[in-house]
Amino acid sequence: MVMKRFAVLSALALAVTLGAENRARADYTYATSISIVSVPGGSFTNTATGATATFGGTTVVLTDISRVAPPYTVPGPNTIDIGDIAVTTTTPLGSFDNFVINYIDTFALANISPPGQVAAGAFPLTGQLVFNSVNVGNGVVTNSFTGTTSREGILGGVSFTGQTTNFASPTINGASGSLGGLISATAVPEPVSVLMLGLGLGGVGLMRFRKRNDRV
């Protein structure tokens, strides 16, 4: 009888432990919305799908990102794209465009239950794109994230951490570039689950103690 109870409690403890490990998995979706604050010496427009800036013969298109499906699974950091950048120009060789774009990239995150509850939150990221010697033949594009570049907190019972990290420069009149970052998440164990785990492990310990006393 003692061995049977021990086996049952061991199975219970294992099941609760596996359940706790599964709760470390979290699914989420995210989307970003880019708007331009200023282009000194140039002009810009913001639309529902991004923003466009012009300076001389150069046009820069910033595109919003939406990652609704499939959801990203964690734990473990995932590299994310928070905005795409395309540059086209008609500025001829022998002359060039130099300008700056100040932008806001609003990052929206949504937790998918389970674990936790369905919840959404958002925070703004700010940055500056600098364009040097842009013409039909070449040009250098750099980016610097400013202000708050990382954030962490609880969303729907899941702990999320995100940060801006990387920048892929666009090719003039060619391939688009991107703004990027990292995001990770870990489910916060529910109090009831922690209690069940404690009771299961405590029961196993108690049965071992009773078994040891029976032998004395």
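The values are calculated or read from the model by the stated rules, or taken from the named source; none is laboratory data. In this text the structure is predicted, and so the values were computed from the model without any measurement. Backbone-built Cβ (ideal geometry, glycine too); neighbour counts: all protein chains shown.
Assuming GLY139 fulfils every condition listed in (1) under 13 Å from the mean Cα position of the chain (by Cα); (2) crowded, with 20+ Cβ neighbours inside 10 Å apart from one, which condition is it?
Status for GLY139: all satisfied but (1).
Would you check if ILE80 is touching a residue at least 24 places away in the same chain (Cβ under 8 Å), within 30 Å of VAL188 (Cα to Cα) and of a type in the set (A, V, I, L, M, F, W, C)? It would help to see each step written out before you state the result.
Details: touching a residue at least 24 places away in the same chain (Cβ under 8 Å): yes; within 30 Å of VAL188 (Cα to Cα): yes; of a type in the set (A, V, I, L, M, F, W, C): yes.
For ILE80, the condition - touching a residue at least 24 places away in the same chain (Cβ under 8 Å), within 30 Å of VAL188 (Cα to Cα) and of a type in the set (A, V, I, L, M, F, W, C) - is met.
Please go through the stretch 31-71 and pick out each residue that is assigned to a strand (DSSP E or B), more than 25 Å from VAL136 (Cα to Cα) and among the β-branched types (Val, Ile, Thr).
Matches in the stretch 31-71: THR32, ILE34, VAL37, THR47, ILE65, VAL68.
Tell me, yes or no, whether the stretch 17-40 has at least one residue that is within 19 Å of ALA122 (Cα to Cα), among the basic types (Lys, Arg) and at pLDDT below 85.
Step one: of the stretch 17-40, the residues within 19 Å of ALA122 (Cα to Cα) are 26-37.
Subsequent filtering for residues that are among the basic types (Lys, Arg) retains none.
No, the conditions are met nowhere in the stretch 17-40.
Taking the criterion of being in contact with a Ser or Thr (Cβ under 7 Å, 6 or more places away or on another chain), buried (at least 17 other Cβ atoms within 10 Å of the Cβ) and closer than 30 Å to GLY153 by Cβ, would at least one residue in the stretch 87-101 satisfy it?
No: the stretch 87-101 contains no residue that is in contact with a Ser or Thr (Cβ under 7 Å, 6 or more places away or on another chain), buried (at least 17 other Cβ atoms within 10 Å of the Cβ) and closer than 30 Å to GLY153 by Cβ.
Being farther than 17 Å from VAL61 by Cα and touching a residue at least 60 places away in the same chain (Cβ under 8 Å) is the requirement here; does ASN111 meet it?
Working: farther than 17 Å from VAL61 by Cα: yes; touching a residue at least 60 places away in the same chain (Cβ under 8 Å): yes.
Yes: the conditions hold for ASN111.
Each row is one residue, and each column tells you yes or no for (1) aromatic (Phe, Trp, Tyr); (2) surrounded by fewer than 19 Cβ atoms within 10 Å (Cβ to Cβ); (3) modelled with pLDDT of 90 or more.
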position: VAL158; (1), (2), (3): no, no, no
position: ALA168; (1), (2), (3): no, yes, yes
position: ILE172; (1), (2), (3): no, no, yes
position: ALA175; (1), (2), (3): no, yes, yes
position: GLY180; (1), (2), (3): no, yes, yes
position: THR186; (1), (2), (3): no, yes, no
position: PRO191; (1), (2), (3): no, yes, no
position: LEU195; (1), (2), (3): no, yes, no
position: GLY198; (1), (2), (3): no, yes, no
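Checking the structure you have, find out if any residue of the stretch 74-83 is modelled with pLDDT under 95, in contact with a Gly (Cβ under 6 Å, 6 or more places away or on another chain), over 21 Å from GLY180 (Cα atoms) and not hydroxyl-bearing (Ser, Thr, Tyr).
no
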